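**Q** Just dropping this structure here.
The values are calculated or read from the model by the stated rules, or taken from the named source; none is laboratory data. All values derive from a computational prediction rather than experimental measurement. Here the Cβ positions follow ideal geometry from the backbone for every residue, glycine too, while neighbour counts run over all protein chains shown.
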Amino acid sequence: MGLFSFYKGRKVGSSAKVEALQKGPVRQRIDVVELALENGGKGVGLKVVATSFLSYQALPVSLNKEQAVELAQRILKAVDED
């Protein structure tokens with residue numbers, strides 16, 4: 001994760017990487033990290049990463065447990081799974 005963490009919370013779990021469909025020369029992925037939030041709860045850190053020749057962009061997003069569950073439910077609904 002590098003020298004600095006831009007997540008709102010402390011990384012406690014290993015990260016998983018999910019590759020996205022490739023779009024031309026741009027590669028995209030989402031890194032998923034378990035977080036320990038400041039309030040003692042669990043959270044999830046998502047980092048959306050896009051790379052291409054000589055280019056790197058990353059957008060970190062922190063979610064609490066409820067937000068992570070809502071996102072998972074919406075993703076499942078989008079692909080019509082229950």
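**Q** Find the strands (runs of 3 or more DSSP E) located wholly in the chain whose residues include 1 or more that are touching a Pro at 6+ places or on another chain (Cβ under 7 Å), charged (D, E, K, R) and free of Cβ contacts under 8 Å to residues at least 12 places away in the same chain, and list them.
**A** none
**Q** Select from segment 5-22 the residues that are modelled with pLDDT under 90, closer than 15 Å to Q57 by Cα and not polar (S, T, N, Q) and list them in ascending order.
**A** F6
**Q** Taking the residues in segment 1-60 that are touching a helix residue (DSSP H, G or I) at 6+ places or on another chain (Cβ under 8 Å) and surrounded by 13 or more Cβ atoms within 10 Å (Cβ to Cβ) as candidates, determine which candidate is farthest from L71 (Cα to Cα).
**A** Among residues in segment 1-60 that are touching a helix residue (DSSP H, G or I) at 6+ places or on another chain (Cβ under 8 Å) and surrounded by 13 or more Cβ atoms within 10 Å (Cβ to Cβ), the one farthest from L71 (Cα to Cα) is K42.
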